[in-house]
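Some notes on the structure that comes next.
The values are calculated or read from the model by the stated rules, or taken from the named source; none is laboratory data. Keep in mind that what you see is a predicted model, and the values were worked out from it rather than measured. As a convention, Cβ positions derive from the backbone with ideal geometry for all residues, glycine included, and neighbour counts pool all protein chains shown. Accessible surface is based on the protein model in full, side chains and every heavy atom, while ligands, DNA and RNA are left aside. Shrake-Rupley method; radii C 1.70, N 1.55, O 1.52, S 1.80 Å.
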Amino acid sequence: MMASAALLLAGCGPAEDTPVLTWYTNPDDGGQAAIAQKCSDAAGGAYRIETSILPNDAASQREQLTRRLAAGDTSMDIMSLDPPFIPELAEPGFLAVPPSEVAEATTRDTLEGALAGATWRDTLVTVPFWANTQLLWYRKSVVEEAGLDMDGPVTWDQMIQVARDQDKELGVQGARAEAMTVWLNALIESGGGQIIENPEAPADEVEIGLDSDAGRKAAEIISTIGTEGLGGPGLATQQENEAMLLFQGDSGSFMVNWPFVWPATNASAEDGAVPADLPEDIGWSVYPRTSGDTEPAPPLGGINLGVGAASEQQDLAWDAVECIVSPENQTEYFVTNGNPPSSASAFDDPSVRERFPMAETIRESLELAAPRPQTPYYNEVSTAIQQRYTPPASVDPETTPAETGQFIQEVLRGESLL
Amino acid sequence: MSSIPTTVPAVDAEAPDDPSGGRGRRKAPRSERARAEARLGWWLAGPAFFIMVAVIFYPVLQAFWDSLFSYRLTAPEEREFVGLSNYGVIFSDPVFWSALGVTTLITVVTVFVELILGFMLAMVMHKAIKSTRGLVRTVILVPYGIITVVSAFAWYYMFSIDSGYINNWFSWVPGFDGQLNWFAQGGSALFVIMFSEIWKTTPFISLLLLAGLAQVPDDLSEAAAVDGASWWQRLWRVILPNMKAAIMVAVLFRALDAFRVFDSIFIMTNGAYGTEVLSLLAYRTSIGRLEIGLGSAISVVLFLLVGLLALIAVKGFNVDLAGGRGGRK
Amino acid sequence: MSTETLTPEEAEGQRRARRAKRNTSIGWWVITIVVAVWCLFPVASILATSFKTPGELSNGKFLPDNPSTSNYEEILVGDSQELFLSALWNSIGISIIATLIAVVLATLCAYAIARLDFPGKKIVLTVSLMVSMFPVISLVTPLFNLWRSIGLYDTWPGLIIPYLSLTLPIAIWTLAAFFQQIPWELEQAAQVDGATPLQAFRKVIVPLAAPGVFTTAIIAFFIAWNDFVYGISLTSTEAARPVPAALAFFTGASQFESPTGAISAAAIIVTIPVVLLVMLFQKQIVAGLTSGAVKG
């Protein structure tokens, strides 16, 4: 650690008196680095933020951060954290608890869903920076032909029926990756169930809610899309980007996906990779419901900022966090990088609406969004689900939920490998 | 492929029947001069020896010690001694046996195919006419030198249903609709994985075999040809028997290397859909899940398996690894 | 020899021989081209991919429709510049240092093995063989724990030391084989002719040994350059992360978009040194890899 700190310092250049804060960021389009620069300038020499990039996928980000935190690394000043992994880091006390005035100032108008993902055991342990949610995207032409009213509630069964009738494909994420747990969780939560009944329980007492009515209905939806080939030929390896490509193609009908698809599709239309009038055929609404009489429970994503408990500059780090998550920065980050704010007021800026005409739907969706299970064993739970629910065609609504529940419990008790 | 043992160990006949007899000092009583020579020998060989031992043996002992505990990195205070029960979990779990099975399958298939392809390439390099020899040897070295991760990405992108073109190219094949998701089931995913491994490592095996080919006395083969032996007969009766040592060394090295396969699978499927191998299981358990105890136990098992393979091979082939001094001049 | 002095039969025979020779030659060129396509195809494939724009990635074709250098701009001057260039610098620096140390230590060790009689020689060779067969994955967790407690985690030395365990065994075996083929009597002969021991060593032995050492260095460099497991396990920032590990850090315009183009461009850049070394030193590398005399 000493040697690595020395290397870092050696690269710092002339301003040697200014304390340097390290911010571990998830890869983005340069937005976090820009905010770091802005806040460093605004600090007037109180601190300087240097960013250090983490791997591309959520699981590897967690790997890197957890290992360094467990080692008591003092350079972990600020970290961009994926909400599902926060309990694992909060439980052993790796995260510093924000001072009450910071907590108060940074969560004044935070959206409900985002706030839920920032706490552990009723204590705020991180500060929401941006929040993400999936919308239901549809091709207006397909919906028109089917005669669906997209302003009213839409269920998965309806979408499946349209895809069958018109010989189209549904853009969902069926790969063995985190996206699979995201999908399953949204399906179960909207059906009124929960993947874990008692998320704060110790490892050997966790109760799994997969084998419930909601759980079996969720498995049935996944299984139907898989076995009938409604998710396209690439479903078993399909993540967010691949689902978007499918949706953009001739067989596209509906898709559940994050808002990045809007700027990405527009860019492709400008490049000529997809028809120039494709964006005009795309509509959006809130995430579909698992059944007609329940509320939708859209997936919640995003990034929260945490401060390492071993950091030697915690006060400065919290100052910096307060600067980073300001509504203006959140607005700018949304406009430049396409990542929606966690603060309600950040949606009001006119530039937001210009770039993301669906901003109001996103805000609405974030109010409804349900976090993934908040447990210190999230990695085990999610990996087990990914292994058993992929490929989607292999899911059997009668047996998969019960078997997966048992498998998760065995893994948590240390009786099975994962 | 993490480390490539690239060279052929000096496989030596028991006692080198060297006419010059070395320097004839092998059995001499230990004189002052011999002691000085021994000292100098260790001064020169010591640093390299010490580093290798330190980098390997300390971690092995540590891994074995850790494997006796139930120890999760994020819950250090719950660490407790559990004896050999981590090994019990491993050996009673189908995940381990399936990973062992896949690892073995990859090892057997790739080594077998590489041996045949490698021999063909070695023949090409050996016999090539002067004007093409340099070119052949240069292109064969490209897969050898390329980074395994790069090779894995190249093959992955080629076959991927989203960014690939292989499906398009072969959509004329009857019964193949051009919509195959190669990485969605074990069979086709392993096919691509093994294909890329074979592409990457055949050059290594063919160079070892080339060394063996060079040892086959030309006059023997010519004599057989004069006696009316067909090309096929010469291959089986003269060439291959004379290359036995080279073939065995090639198989030994490549098999041990293939058994540790990690990079390609990590990139292409990350172990999904029946492509899990032992190295990946060890990595995911100790680095991904931070289960140091269980992960160390898998590492120890993997290490013992490789050791066992090596032992069987060395004993079975009766290879004298250390060779001798002064035998070759 | 001119044709008119030949009988028709002789002329016919010569023509046939010439044709046969030409046929063999054509045959060899066909074989060479087949081998070249097999060996270079994946490289060409990723080269073609590296010139595709994000929209073209799924066009299902080998070649891009409108080749674009945007992926190279992304990693060399764009957003991924810091990530890629620091990784490239780490890879080059760490691999070269690990190679140099391995070659120096292995030269001493191999000299001792080839020239001196000392107890334990066999142990040195056996241990280095064991080390070269070792499953690297078994080492990373203990090394990670040790490195972070002594401050080597995420540093250059933290990778150089484990790289030595990959490069030393190969270097020792290759060099020992080389040195055993050197006619050391020449050194004595030179001394008899009046040269000092140092002169004899420098003028006679060094020129004979240098090609072997050089070849060993190239092979060792390839191995260090290729490492992935240590790279992803023992680093966590730009301070020491090598290129193969950094490829997993690329991202598209947003975190959900595939970084296929950027990865392909980076892959091509790190393959250039390999291709150059192979083209320049083909003879030496083949000699090095086939040097350990195989006797049965």
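With the Cα gyration tensor of chain A in hand, convert its eigenvalues to equivalent ellipsoid semi-axes via √(5λ) and list them largest first in whole Å.
Square roots of five times the eigenvalues give 36, 27, 18 Å.
Of the solvent-accessible surface of region C:159-296, computed with a 1.4 Å probe and all protein chains present, 70% belongs to carbon and sulfur.
Over chain B, calculate the relative contact order: mean separation of alpha carbon pairs under 8 Å at least 6 apart, over the residue count, as a percent.
Values: 360 pairs, mean separation 113.6, N = 329.
Over chain B, the number comes to 35 percent.
Determine the distance separating the Cα centre of region A:177-211 from the Cα centre of region C:21-67; give it in Å without decimals. Taking the Cα centre of region C:21-67 as reference, the centre of region A:177-211 is 48 Å away. Taking amide H positions as modeled 1.01 Å from N, with prolines and chain starts lacking one, the residues under 5 Å from B:PHE69 and 5 or more places away or on another chain are B:VAL82.
Histogrammed with a bin width of 10 Å, the alpha carbon distances of region A:289-393 distribute as 12, 29, 31, 23, 5, 0 percent, first bin at zero.
Whole-Hz Karplus values for region C:134-149 come out as 6, x, 4, 4, 5, 8, 5, 5, x, 5, 4, 5, 5, 4, 6, 7 Hz, taken residue by residue from phi with 6.51 cos²θ - 1.76 cosθ + 1.60 and θ = phi - 60°; glycine and proline positions read x. Spread over its residues, the convex hull of the C-alpha atoms of region C:233-273 is 84 Å³ per residue. Counting only other chain Cβ atoms within 10 Å of each residue's Cβ, the peptide C:26-35 averages 5.
For region C:80-289, the Kirkwood hydrodynamic radius from C-alpha pairs, put into Stokes-Einstein at 37 °C and a viscosity of 0.692 mPa s, yields a diffusion coefficient of 172 µm² per second.
Hey, what's the Kirkwood Rh for the protein assembly as shown if you take every pair of different alpha carbons, in angstrom?
Working: mean 1/r = 0.0321 Å⁻¹.
It works out to 31.1 Å.
For region C:176-209, heavy-atom accessible area (probe 1.4 Å) falls by no less than 50 Å² from the chain alone to the full protein assembly at C:GLN180. Mean partner shielding of peptide C:236-243, defined as the number of other chain Cβ atoms within 10 Å of each residue Cβ, is 6. When the Cα convex hull of region B:115-157 is projected onto planes of every orientation, the mean area is 3.7 nm².
As a check on your grasp of the helix formula, calculate [θ] at 222 nm for chain A: sum -39500 (n - 2.57) over DSSP H runs of n ≥ 4, divide by the residue count, round to the nearest 500.
Result for chain A, helices only: -12500 deg cm²/dmol.
By DSSP, the beta bridges lying fully in the protein assembly as shown are antiparallel in about 65 percent of cases. Buried accessible surface for the A/C pair, both sides summed and rounded to the nearest 100, is 2600 Å² with a 1.4 Å probe. Largest accessible area first, the listed residues B:SER196, C:SER258, C:SER149 line up as C:SER149, C:SER258, B:SER196 when surface is computed with a 1.4 Å probe on the assembled protein chains.
Dividing the Cα radius of gyration of region A:43-91 by its Kirkwood radius returns 1.01 for Rg/Rh. Listed by chain and number, the lysines whose C-alpha is less than 16 Å from the C-alpha of C:LYS52, apart from same-chain residues fewer than 8 away, are C:LYS61. Its Kirkwood hydrodynamic radius, worked out from the mean inverse distance over all distinct Cα pairs, puts region B:181-243 at 14.3 Å.
Among the lysines, select those whose C-alpha is under 27 Å from the C-alpha of C:LYS21, and discard any that sit fewer than 8 residues away in the same chain. The qualifying lysines are B:LYS127, B:LYS130, C:LYS283.
Mind giving me the FRET efficiency for B:SER85 and B:LEU309? R0 is 41 Å, r the Cβ-Cβ distance, nearest 0.05 is fine. Don't jump to the answer; show the numbers that get you there.
Numbers: r = 26 Å, r/R0 = 0.64.
Calculated value: 0.95.
Out of the total accessible area of chain B (probe 1.4 Å, heavy atoms of protein only), what percent is carbon and sulfur? List each step's numbers first, then the result.
Values: 8990 of 13570 Å².
Looking at chain B in its full context, I get 66 percent from C and S.
Connecting C-alpha atoms closer than 10 Å in a GNM of chain C, tell me which of C:LEU40, C:LEU76, C:LEU164 has the biggest fluctuation. Fluctuation is largest for C:LEU40. Result for chain B in a Gaussian network model with C-alpha springs under 10 Å: among B:SER171, B:SER163, B:SER31, the largest mean-square fluctuation is at B:SER31.
Placing one equal scatterer on every Cα of region C:46-102 and applying the Debye formula, the log10 ratio I(q)/I(0) at q = 0.13, 0.30 Å⁻¹ is -0.49, -1.06. Buried between B and C is an accessible area of approximately 9900 Å², summed over both sides with a 1.4 Å probe.
Atom-type composition of the exposed protein surface of region A:146-246 places 38 percent of the accessible area on carbon and sulfur (1.4 angstrom probe).
Distance from the Cα centroid of region A:30-85 to that of region A:344-418 is 24 Å (rounded to whole angstrom). Listed by chain and number, the lysines placed with their C-alpha closer than 17 angstrom to that of A:LYS168 are A:LYS140; residues fewer than eight positions away on the same chain are left out.
To the nearest µm²/s, what D does Stokes-Einstein give for region C:3-50 at 4 °C and 1.567 mPa s, using the Kirkwood radius over alpha carbon pairs as Rh? Walk me through the numbers on the way to the answer.
On the way: Rh = 13.7 Å.
For these conditions, the coefficient is 95 µm²/s.
Counting Cβ atoms of other protein chains within 10 Å of each Cβ in A:21-30 and taking the mean gives 3.
Here the Gaussian network model covers chain A, with springs between Cα atoms less than 10 Å apart; of A:THR336, A:THR22, A:THR224, A:THR336 fluctuates the most.
Across C:THR196, B:THR285, the residue with the most accessible area heads the list, and the full order at a 1.4 Å probe is C:THR196, B:THR285.
Scaled against 2.2 N^0.38 Å for its residue count N, the alpha carbon radius of gyration of region B:93-317 is 1.19. Between the C-alpha center of region A:93-151 and that of region C:225-296 there is a gap of 40 Å.
If you take the accessible area of B alone, add that of A alone, and subtract the area of the pair, what total do you get in Å², probe 1.4 Å, to the nearest 100?
Between B and A, the summed buried area is about 2300 Å².
Can you give me the accessible area per residue for region B:93-317, using a 1.4 Å probe, in Å²?
On the way: 7960 Å² over 225 residues.
Computed with neighbouring chains in place, this is 35 Å² per residue.
Sites count as exposed loop sites when they are GluC sites (Glu not before Pro), lie in a DSSP loop, and have at most 15 other Cβ atoms within 10 angstrom; the longest stretch of chain A without one is A:17-196.
Residues of region B:41-56 whose accessible area, computed with a 1.4 Å probe over protein heavy atoms, drops by at least 40 Å² once all protein chains are present relative to their chain alone are B:TRP42, B:LEU44, B:ALA45, B:ALA48, B:PHE49, B:ILE51, B:MET52, B:VAL55, B:ILE56. A 1.4 Å probe run over the protein chains yields, for region C:80-289, 30 Å² of accessible area per residue, whole-number rounding. Ordered by solvent-accessible area of protein heavy atoms (1.4 Å probe), largest first, the residues C:VAL35, B:VAL95 come out as B:VAL95, C:VAL35.
With protein chains left intact and a 1.4 Å probe, residues in chain A average 35 Å² of accessible area per residue.
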